[in-house]
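Notes for the one structure printed next.
The values are calculated or read from the model by the stated rules, or taken from the named source; none is laboratory data. Keep in mind it's a predicted model, so treat the numbers as computed, not measured. Here the Cβ is made from the backbone with ideal geometry for all residues, glycine too, and neighbour counts use every protein chain on show. Areas reflect the complete protein model, heavy atoms only, side chains present, ligands, DNA and RNA absent. Shrake-Rupley method; radii C 1.70, N 1.55, O 1.52, S 1.80 Å.
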Amino acid sequence: QQLTEEQQLQSYISQSNTEAPLDQKSYLDDGFVFGLNGSGLERPKGKVASVVVEGDDVVTTPQQLGFVSATFAGHGLLAANAIHTLFSQTDGNIGVTALTSIATIVASWIAADFGSGVLHWSVDNYGNGRTPIMGNIIAAFQGHHSAPWTITYRGFSNNVWKLCIPFGVPTVAAITYLAGPENPMV
């Protein structure tokens, strides 16, 4: 009797599953909450939005819009204050102020791009939804692998608002405070 390709694949899968010792540890045994293997989650068929964090939604709320708007406004005020301080320190030299500001913006953009890459890599590979402080962010990052197109169903504020909490104005204000008045450029 000749087996179809699907029957052969099922036979191979069942043989592979019985050959592995049951007590063998796997990288999946770290208590990962939102992974597909053994989590009870399934990859939806087709391009369907799928949220994995309890209470999460693809609809943008006023709270999310408020967090993102406040963060952008706060960063804008901090940048304006820094440029004003730099302008004062260069005795009103617009050229030096402009070049220094542009160099700072480019360097900040590169550092932020690198930092966001490190963040993305680390939350994709370490921790889970039960991790203190970053658990919801980790769960969302890891969960997007089961339905990567879900991000296209969300508005901008819905996508980034959780990052405004740990990386927004409070972080910049803390860095400025820790640098002290002797480092006004920070």
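Has the stretch 20-34 got at least one residue that is at pLDDT 70 or above, assigned to a loop (DSSP other than H, G, I, E, B) and not small (Gly, Ala, Ser)? Don't jump to the end; show me each part of the working.
Pass one, the stretch 20-34, residues at pLDDT 70 or above: none.
No; the residues of the stretch 20-34 include none that is at pLDDT 70 or above, assigned to a loop (DSSP other than H, G, I, E, B) and not small (Gly, Ala, Ser).
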Hand me the list of helices (runs of 4 or more DSSP H) wholly inside the stretch 98-186 holding 2 or more residues that are under 26 Å from Glu54 (Cα atoms), at pLDDT below 90 and of a type in the set (D, E, K, R).
none
If you check Ala139, Ala147, Ala173, Ala112, which single one turns out to be open to solvent by less than 70 Å² (accessible area, probe 1.4 Å) and under 26 Å from Ser88 (Cα atoms)?
Ala173
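Which one of these is out of contact with any His (no Cβ under 8 Å at 6 or more places or on another chain) and without any contact (Cβ under 8 Å) to a residue 12 or more places away in the chain: Gly155, Gly135? Write out each step before concluding.
Values: Gly155 fails: without any contact (Cβ under 8 Å) to a residue 12 or more places away in the chain.
Answer to the check: Gly135.
What tally of residues in the stretch 151-162 results from selecting those that are within 14 Å of the chain's Cα centre (by Cα) and either open to solvent by 50 Å² or more (accessible area, probe 1.4 Å) or over 30 Å from His84 (Cβ atoms) (or both)?
Quick first cut of the stretch 151-162, residues within 14 Å of the chain's Cα centre (by Cα) only: 151, 156-162.
Adding the requirement that they be either open to solvent by 50 Å² or more (accessible area, probe 1.4 Å) or over 30 Å from His84 (Cβ atoms) (or both) leaves 151, 156, 158-159, 162.
Number satisfying all stated conditions: 5.
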